[in-house]
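Novice: Sharing a structure here in structure tokens format.
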Amino acid sequence: MNADVGAVLPNIEDPQAAPFWNAARQGQLTMQRCLICRELRWTPQDTCPSCLSREYEWEVLSGKGKIYSHCTYYRVLNPAFTDVPYTVVMVELDEGPVIIGRLLNGPAEAMIDERVACAFSAISDEMTLVNFTLDK
Amino acid sequence: MGISPDTLAIVGIGRTAQGEHPGRTASSLAVEALAEALADAGITKDRLDGLITCKQMAGDGNDELVATTAGLHPKYSTTLDYGTCNFSLHQAQMVLRSGMASTIALTYGTNQRTDRFPFAGGRAPGAGSFSTPYGFAHVAGQAGMALQRWRHLYGTTEEEFAHIALSQREWAQLNPIALFKNPMTMEDYLAQPYLVDPLRRADITMISDGGVSLIVTTADRASEFTDRPIYLAGMAQVGATGSTFTQDDTVLRGWLRDVGDRVFESADLDRSDIDAVYIQDPTAVWPLQMLAHLGFQTPEDIGPWLAERHTYPGGNLPVNTNGGQLSEAYMWGWLHIFEGVQQLRGAADQRQINDARAVVYASTFAFVKAAASILVRGDS
Ligand SMILES: [Zn+2]
């Protein structure tokens, strides 16, 4: 990515999203777990899509999982991301949810079912992205 | 077969030239198409008492704007932001059955090509704010993920998948208004670089400007307009299937099977009664998934079946005979219905399928919401 990435970064002051990005800055992958039905949910929202409760806690996850699918951008489709080629993966975490990040190893290593682990990439003082590397 | 006096009948169709319309608004293009549809139905705008518009992604095209532009004062009007003509037809059927209106115009216009709408740009809200920062932007990314997973599970090869883009290109060569008519061979296709691996340029919709409009009324009034009404014999939808692109069923869209089953049941027809299939195609992954999920093939068999050329001109299950969004024009599925009506009227010229009696059209809004319709001609 390049300097224009600021144009697409999320609002880290959003009350639902802030705890996730704050934890990422500390090197932790977190998601919300419902205190009533115990469902782990992703992406962040204030209501449990399973039981509609608004009582939840943030839980620290293992940060490990396997590649569910992947794709590699060869053309710049968004001016914020000129560093093609880059590979985006959907990772099925050991705890269940599927999360999206980049595979830092690159396109040749992207294979479905490969084990991966979180790699935290600080892009500014405020913002750390949750990427992945192969976990061998 | 499910045609009752209050069944929706399409009695007029209209479209603008497709391509580039510098300086035009989406509403202006929608109204130009509306004028064509009125002429096709043999009526003036005073006869309309309903209006259902579809906004373009960029936002323009709501019912107040279109009604103002066209000088309409309907008893009923509304706007869908994901019409794809499918949801629009279903809305019209419900309005006709309610009695709130009896002669309804459906419209869509887009100027997103000359207006340079940023389809992959900007800060994403909600769930997208957890994927866009990684460069996971543009529908090609989601479609690429879906195809990669599909191929892993079901074994569809690159060459088998190519037949979707290739067959639609062959159909487009028979369609005078299609924008992409250059011949494309398998070798040409495979020589194209990846845009987003595993997708090439040929697998992804073009962006163009234009408008489409339909005039619909109830079956018992249809003969006042035309001797070739086309009926909405069946319809089915699913409202949403999960809000984020992070669930197995969202990526693979297995839930479309239920929409397929219900649309055929509602029309009291079988898959074998269908003469042509229309599938809204922002990418070629949509026809791949939907041909399987609508029940025409299993996910495992669809690849080899595509390679047998059933979907091409002369095949026994023509798909997107207009060329679709991959080769005809970017009309968010509206020209698919236009073409289905032409085929059922027997007015599709070089593309005409022998004795077309019934067609099915399926579309989705992103990966979470779907609609399917079955259209039939009156004597079927
Ligand atoms: Zn709950």
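The values are calculated or read from the model by the stated rules, or taken from the named source; none is laboratory data. Worth saying up front: this structure is predicted, and the values here are computed from it rather than measured. Cβ sites come from the backbone with ideal geometry, for glycine too, and all protein chains shown count toward neighbours. Just so you know, the surface numbers come from the protein's heavy atoms only, side chains and all, with ligands and any DNA or RNA stripped out. Shrake-Rupley method; radii C 1.70, N 1.55, O 1.52, S 1.80 Å.
Novice: Show me the strands (runs of 3 or more DSSP E) entirely contained within segment B:29-121 in which 2 or more residues are touching a residue at least 12 places away in the same chain (Cβ under 8 Å), under 17 Å from the mean Cα position of the chain (by Cα) and buried (at least 24 other Cβ atoms within 10 Å of the Cβ).
Specialist: B:50-54, B:103-110
Novice: In addition: Quickly run through segment B:206-229 and pick out the residues that are part of a helix (DSSP H, G or I) and of a type in the set (A, V, I, L, M, F, W, C).
Specialist: Passing the criteria: B:219, B:222.
Novice: Can I ask one more? Out of the residues in segment B:141-156 meeting the condition of being more than 7 Å from chain A (Cβ to nearest Cβ) and part of a helix (DSSP H, G or I), tell me which one is nearest to the chain's Cα centre (by Cα).
Specialist: Residue satisfying both the conditions and the ranking: B:143.
Novice: Sticking with this one: Among the residues of segment A:101-118, which ones are part of a strand (DSSP E or B) and crowded, with 19+ Cβ neighbours inside 10 Å?
Specialist: Listed by number, the residues that qualify are A:101, A:102, A:103, A:116, A:118.
Novice: Of the conditions (1) in a helix (DSSP H, G or I); (2) surrounded by fewer than 24 Cβ atoms within 10 Å (Cβ to Cβ), residue B:174 satisfies every one except a single condition; which number is it?
Specialist: Going through the list (1) in a helix (DSSP H, G or I); (2) surrounded by fewer than 24 Cβ atoms within 10 Å (Cβ to Cβ), residue B:174 breaks only (1).
Novice: Could you grab me the full set of residues in segment A:79-95 that are open to solvent by 10 Å² or more (accessible area, probe 1.4 Å) and within 11 Å of another protein chain (Cβ to nearest Cβ)?
Specialist: Within segment A:79-95, A:79, A:82, A:83, A:84, A:85, A:86, A:92 qualify.
Novice: Which one of these does residue B:137 not meet: (1) more than 9 Å from every other protein chain (Cβ to nearest Cβ); (2) buried (at least 24 other Cβ atoms within 10 Å of the Cβ); (3) within 22 Å of residue A:77 (Cα to Cα)?
Specialist: Unmet condition: (1).
Novice: If residue A:98 passes every condition in (1) open to solvent by less than 20 Å² (accessible area, probe 1.4 Å); (2) without any contact (Cβ under 8 Å) to a residue 60 or more places away in the chain; (3) within 16 Å of the ligand (Cβ to nearest atom) but one, which one does it miss?
Specialist: (3) is the only condition that residue A:98 fails.
Novice: For segment A:17-31, indicate whether the set of residues that are within 16 Å of the ligand (Cβ to nearest atom), among the hydrophobic types (A, V, I, L, M, F, W, C) and out of contact with any Asp or Glu (no Cβ under 7 Å at 6 or more places or on another chain) is non-empty.
Specialist: no
Novice: Something else: Which residues, counting only those in segment A:41-67, are open to solvent by less than 50 Å² (accessible area, probe 1.4 Å), modelled with pLDDT of 95 or more and more than 9 Å from the ligand (Cβ to nearest atom)?
Specialist: Answer for segment A:41-67, where residues must be open to solvent by less than 50 Å² (accessible area, probe 1.4 Å), modelled with pLDDT of 95 or more and more than 9 Å from the ligand (Cβ to nearest atom): A:59, A:61, A:63, A:65, A:67.
Novice: For segment A:23-41, does any single residue satisfy the condition of being free of Cβ contacts under 8 Å to residues at least 40 places away in the same chain and within 9 Å of another protein chain (Cβ to nearest Cβ)?
Specialist: Scanning segment A:23-41, I find no residue that is free of Cβ contacts under 8 Å to residues at least 40 places away in the same chain and within 9 Å of another protein chain (Cβ to nearest Cβ), so the answer is no.
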